[in-house]
Every structure is written in structure tokens, then in C-alpha cells.
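Trainee: Sharing a structure with you now.
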Amino acid sequence: MINYLPRYLFNFVFFTLVQVLVLNNIQLSGFVNPYLYIIFIITLPFEIPGWLLLLFGFSSGMIIDIFSNTPGMHASATVFMSFVRPYVLRLFAPRDEYQPGTLPTMGYYGIGWFLRYSAILVFAHHLFLFFIEVFSVTHFFSTLVRVFTSMLLTILLIVIAQLFSQGKKQGR
């Protein structure tokens, strides 16, 4: 974890700035809201302790809340996603477990594995966030459409970010 600290600090600052300065200012008919900042939690190392994962989730969500004027909504959704992450990792664990020193990225485990893993986490985050936002089930189907459209765009942006971050091929 210590070896990756400068990289993760850069990722945290970069993706937070992209979210706050660019993505939060894009309005796509109100149904599509991409949240790229969650890639920070998705790509944290496998070995990260649970308490630190939850702390990072809370911190990143709270910073987005401060800049988005959404008190606690992103923080709670990101903490929920951070809580679910170890279970999702266990669900998709390879037969011989995760290799030490690898990260949950496309470069290490392939696009198929990464898409399944990130899609579940993005879905959990968006479902929690959008239903907290409306805080009602009266708009259930419109909120579900918003979850799926935003999820698709977020996953697309995450995959593009992963393609840019792959310097050299990182095989298993």
C-alpha cells in the first residue's frame, strides 16, 4: 500500500477535480449523471484494511458533497459502495486467489473481470445515491432509469480512464 500512496494521492486529487470542475457541470437531460470519482475506491489495492477503505469512501464522498452542495448523499453512497466492495471481490475471486501485489484493474485481471466487478460497485453506488436523493418510491421507475443510464456512462468513463492509465501491459 505504501508503494502506491503517491499514485493514489494523485488519482484522488485528479478524479475529484475532474468530477467537481467538469462532470458536475454537464447536464445530460437530468437522467445521466456520471460519477467518475468512485474509480478511486474501485481501484484501491486488495490488501487495504476495511476501516481504511470506509474512511477513504467517506472522505472522497464528503469532498464531492462539499463541492456539489449535497450534504452527506455522496458520502453515504460511497461508504455503502466501500462496504460492499470486499464482498464483490470475494464473489469474483479467481480460483487461486488474487496474486499479491496486483490491483483490481483491467491491466491485471482483464476487461471481462473488471467490467463485472466495477458494474456491481457502480450499480450499488448509483442505486443508493439516486434513491437517497429522491427519498421516495413514487418515482421508482424513473429513478431506476436514471441509475442505469448514469451507470452506463460512468462505466464507460471508468474503462476509458483504465485504458489511459495502462502504461505497459500488466499481465498476470
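The values are calculated or read from the model by the stated rules, or taken from the named source; none is laboratory data. Note that the coordinates shown come from a computational prediction; the quantities given were computed from them, not determined experimentally. Note that each Cβ is placed from the backbone with ideal geometry, even for glycine, and that neighbours are counted across all protein chains shown. Please note that ligands, DNA and RNA were not included when accessible areas were found on the heavy atoms of the full protein model with its side chains. Shrake-Rupley method; radii C 1.70, N 1.55, O 1.52, S 1.80 Å.
Trainee: So is Ser150 within 16 Å of the chain's Cα centre (by Cα), on the phi < 0 side of the Ramachandran plot and of a type in the set (Ser, Thr, Tyr) or not?
Mentor: Working: within 16 Å of the chain's Cα centre (by Cα): yes; on the phi < 0 side of the Ramachandran plot: yes; of a type in the set (Ser, Thr, Tyr): yes.
Here the answer is yes, as Ser150 does meet what is asked.
Trainee: Could you look through the stretch 121-146, keep only residues that are of a type in the set (Val, Ile, Thr) and without any contact (Cβ under 8 Å) to a residue 60 or more places away in the chain, and pick out the one that is nearest to Met73 (Cα to Cα)? Give the steps one after another, and end with the answer.
Mentor: Quick first cut of the stretch 121-146, residues of a type in the set (Val, Ile, Thr) only: 122, 132, 134, 137-138, 143, 145.
Retained after the next criterion (residues that are without any contact (Cβ under 8 Å) to a residue 60 or more places away in the chain): 132, 134, 137-138, 143.
Values: Ile132: 7, Val134: 11, Val137: 17, Thr138: 19, Thr143: 15 Å.
Among residues in the stretch 121-146 that are of a type in the set (Val, Ile, Thr) and without any contact (Cβ under 8 Å) to a residue 60 or more places away in the chain, the one nearest to Met73 (Cα to Cα) is Ile132.
Trainee: Sort out which residues of the stretch 128-141 are loosely packed, with under 13 Cβ neighbours inside 10 Å and of a type outside the set (A, V, I, L, M, F, W, C), and write them in order of number.
Mentor: Of the residues in the stretch 128-141, the ones loosely packed, with under 13 Cβ neighbours inside 10 Å are 135-138, 140-141.
If the condition is that a residue be loosely packed, with under 13 Cβ neighbours inside 10 Å and of a type outside the set (A, V, I, L, M, F, W, C), then Ser136, Thr138 are the ones that fit.
Trainee: Now for a separate question. Among Phe10, Phe15, which is within 20 Å of Ser82 (Cα to Cα), open to solvent by 30 Å² or more (accessible area, probe 1.4 Å) and in a helix (DSSP H, G or I)?
Mentor: Details: Phe15 fails: open to solvent by 30 Å² or more (accessible area, probe 1.4 Å).
Criteria check complete, one pass: Phe10.
Trainee: Another question about this same structure. Across the stretch 142-166, which residue is farthest from Pro34 (Cα to Cα) among those that are open to solvent by 30 Å² or more (accessible area, probe 1.4 Å) and not aliphatic (A, V, I, L, M)? Before you say what the answer is, go through the steps one by one.
Mentor: We begin by selecting, within the stretch 142-166, every residue open to solvent by 30 Å² or more (accessible area, probe 1.4 Å); these are 142, 144-146, 148-149, 152-153, 156-157, 160, 163-166.
With not aliphatic (A, V, I, L, M) added as a condition, the list becomes 142, 146, 148-149, 164-166.
Details: Ser142: 17, Arg146: 10, Phe148: 11, Thr149: 9, Phe164: 18, Ser165: 19, Gln166: 22 Å.
Going through the qualifying residues, I end up with Gln166.
Trainee: Between Pro94, Pro34, which is assigned to a loop (DSSP other than H, G, I, E, B) and more than 23 Å from Leu153 (Cα to Cα)?
Mentor: Numbers: Pro34 fails: more than 23 Å from Leu153 (Cα to Cα).
Only one candidate passes the filter, namely Pro94.
Trainee: Among the listed residues Ile41, Ile26, Ile2, Ile48, which satisfies the condition of being modelled with pLDDT of 95 or more and among the β-branched types (Val, Ile, Thr)? Explain how you work it out, then say what you get.
Mentor: Working: Ile26 fails: modelled with pLDDT of 95 or more; Ile2 fails: modelled with pLDDT of 95 or more; Ile48 fails: modelled with pLDDT of 95 or more.
None of the other options fit; the residue is Ile41.
Trainee: A further question follows. Could you identify the single residue in Pro104, Pro100, Pro71 that is out of contact with any Gly (no Cβ under 7 Å at 6 or more places or on another chain) and farther than 24 Å from Tyr8 by Cβ? Talk me through it step by step, then tell me what you get.
Mentor: Details: Pro104 fails: farther than 24 Å from Tyr8 by Cβ; Pro100 fails: farther than 24 Å from Tyr8 by Cβ.
The conditions single out Pro71.
Trainee: Would you confirm, using the coordinates I've provided, whether Pro71 is at pLDDT below 95 and closer than 22 Å to Thr16 by Cβ?
Mentor: Values: at pLDDT below 95: yes; closer than 22 Å to Thr16 by Cβ: yes.
Considered against the rule, which asks whether it is at pLDDT below 95 and closer than 22 Å to Thr16 by Cβ, Pro71 comes out as yes.
Trainee: Residue pairs, Cβ under 7 Å, 6 or more apart or interchain, first in the stretch 85-96 and over 14 Å from His125 (Cα atoms), second open to solvent by 100 Å² or more (accessible area, probe 1.4 Å). List them.
Mentor: From the stretch 85-96, the pairs are Phe92/Arg116.
Trainee: Looking only at the stretch 52-91, count how many residues are closer than 19 Å to Asn33 by Cβ, open to solvent by 50 Å² or more (accessible area, probe 1.4 Å) and assigned to a helix (DSSP H, G or I).
Mentor: So the count comes out to 5.
Trainee: Can you report the number of residues in the stretch 30-51 which are open to solvent by less than 30 Å² (accessible area, probe 1.4 Å) and either free of Cβ contacts under 8 Å to residues at least 60 places away in the same chain or over 17 Å from Val20 (Cβ atoms) (or both)?
Mentor: Start the filter on the stretch 30-51 by keeping residues that are open to solvent by less than 30 Å² (accessible area, probe 1.4 Å), which leaves 32-45, 48.
Cutting the leftovers down to either free of Cβ contacts under 8 Å to residues at least 60 places away in the same chain or over 17 Å from Val20 (Cβ atoms) (or both) gives us 32, 37, 40, 42-45, 48.
The total comes to 8.
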